[in-house]
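Participant: The structure follows.
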Amino acid sequence: MNVLQILCHPDFDNKNRVSNILALTGETELKKKGFNNIKTLNLYSPNCYIPVMDKHMFNYENKKLTPKEQKDYTRQKELLAQWKNTDIIFIYMPLHNFNIVSKFKDYIDNIVIVNETFECEIETLIGLDNPDKKIIFVLTSGGEFDSHIQYINLDFTVDYLRGILGVMGINHMQLLRVQGLDLGKNNKERIIETAKMDLTKIIKETL
């Protein structure tokens, strides 16, 4: 099976960031289980080019492309093919201003494409992706989003990703929420260790 890791932390090369710590844990456990075909997209790395939506992205077909447009078009096809040909996807993301990070939205814009991963019919959308594709979403946050009264109403991120996956026809998403990392009342190291164990359990039981 093909495995894709999507690392979404803006501080992409900081080994002390919890998202990056857990990504390393996940990769290590996958290799222990014999998964050797693991690809990684580190979205904020300068080496990872993700085209950004602009007016040209809607007009690639049937026109003569500039060198920049051709580069974006080719890269979009690469990202789309990689997503469609992957069986298991791990997304490691910090919560940023109560929503997904901007680079991940740019990434989504390159794979949620009509007649590629979904199609439109009258008053409905039909997903074209593999319904058995597995998504493991590891979401880290400084606050606690299942208990703090202000944060509960700002919890958009999980619903957004579930909705987008549903549009593409993907039925399986497992959420690992790693929260309360910045609260003084919590033991951050204990939260991280628990998250490592939870992630290891998910990998052992679901893959």
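Participant: Lysine pairs in region 17-84 with alpha-carbon atoms under 29 Å apart, 8 or more places apart or on different chains: how many are there?
Facilitator: 23
Participant: Under a crude label model (7 Å from the Cα following the beta-carbon direction), how far is LYS64 from HIS172 in nanometres?
Facilitator: A separation of 4.8 nm, rounded to one decimal place.
Participant: Right, here's the next one. Among DSSP beta bridges whose residues both lie in the chain, state the antiparallel percentage, nearest 5.
Facilitator: So the antiparallel bridges in the chain amount to around 15 percent.
Participant: Can you give the calculated 222 nm mean residue ellipticity of the chain, where each DSSP H run of n ≥ 4 adds -39,500 (n - 2.57) and the sum is split over every residue, rounded to the nearest 500 deg cm²/dmol?
Facilitator: Working: 6 runs with 76 residues, N = 207.
Theoretical 222 nm ellipticity from helices: -11500 deg cm²/dmol.
Participant: I would also like to ask the following. Measuring with a 1.4 Å probe in the full set of protein chains, what accessible area per residue, in whole Å², belongs to region 75-207?
Facilitator: Averaged over the residues of region 75-207, the accessible area is 51 Å².
Participant: If you don't mind, another one. How many lysine pairs are close in region 130-207, with Cα atoms under 30 Å apart and the two 8 or more places apart or on different chains?
Facilitator: 13
Participant: Same structure, new question: Taking the Cα centre of the chain as the origin, how large is its charge dipole in debye, to the nearest 20, when only Lys and Arg (+1) and Asp and Glu (-1) carry charge on their Cβ atoms?
Facilitator: Here the size comes out at about 680 debye.
Participant: Over the alpha carbons of region 78-207, what is the largest minus smallest coordinate on each principal axis, giving the biggest first in Å?
Facilitator: 50, 34, 24
Participant: A follow-up question, please. With labels modelled as points extended 7 Å from the Cα through the Cβ direction, what inter-label distance (nm, one decimal) is found for THR28 paired with HIS56?
Facilitator: Once both label points are built, they end up 4.3 nm from each other.
Participant: Here's another thing I want to ask about it. Tell me the Kirkwood hydrodynamic radius of region 1-152 in angstroms, computed as one over the mean inverse distance between distinct C-alpha pairs.
Facilitator: 17.3 Å
Participant: Determine the relative contact order of the chain: mean sequence separation of Cα pairs under 8 Å and six or more apart, normalised by residue count, in whole percent.
Facilitator: Values: 322 pairs, mean separation 47.2, N = 207.
Once divided by the residue count of the chain, the mean separation gives 23 percent.
Participant: Might you report the magnitude of the Cβ-based charge dipole of region 1-106 about its Cα centre, with Lys and Arg at +1 and Asp and Glu at -1, to the nearest 20 debye? It would help to have the intermediate numbers written out before the result.
Facilitator: Details: 16 positive and 11 negative charges, 34 e Å.
Its charge dipole is roughly 160 debye.
Participant: Hey, another quick one. With an 8 Å Cα cut-off and a minimum separation of 6 or more residues, compute the relative contact order for region 31-137 in percent.
Facilitator: Over region 31-137, the number comes to 28 percent.
Participant: Oh, and also: Stretched out fully, how many nm does the piece from LYS185 to TYR49 gain, at 0.36 nm a residue minus the Cα gap?
Facilitator: Details: separation 136, 0.36 × 136 = 48.96 nm, distance 3.95 nm.
The LYS185-TYR49 span can extend by a further 45.0 nm.
Participant: Also, I was wondering about something else. Could you work out what % of the accessible surface of region 65-170 is carbon and sulfur, using a 1.4 angstrom probe and leaving DNA, RNA and ligands out of the count? The partial results should precede the final answer.
Facilitator: Details: 2640 of 5050 Å².
About 52 percent, which is the carbon plus sulfur part of the accessible surface.
The values are calculated or read from the model by the stated rules, or taken from the named source; none is laboratory data. Remember, predicted model here, so these are calculated numbers, not experimental data. Backbone-built Cβ (ideal geometry, glycine too); neighbour counts: all protein chains shown. The protein model used for the area step is the full one, side chains on, heavy atoms only, and it has no ligands, DNA or RNA in it. Shrake-Rupley method; radii C 1.70, N 1.55, O 1.52, S 1.80 Å.
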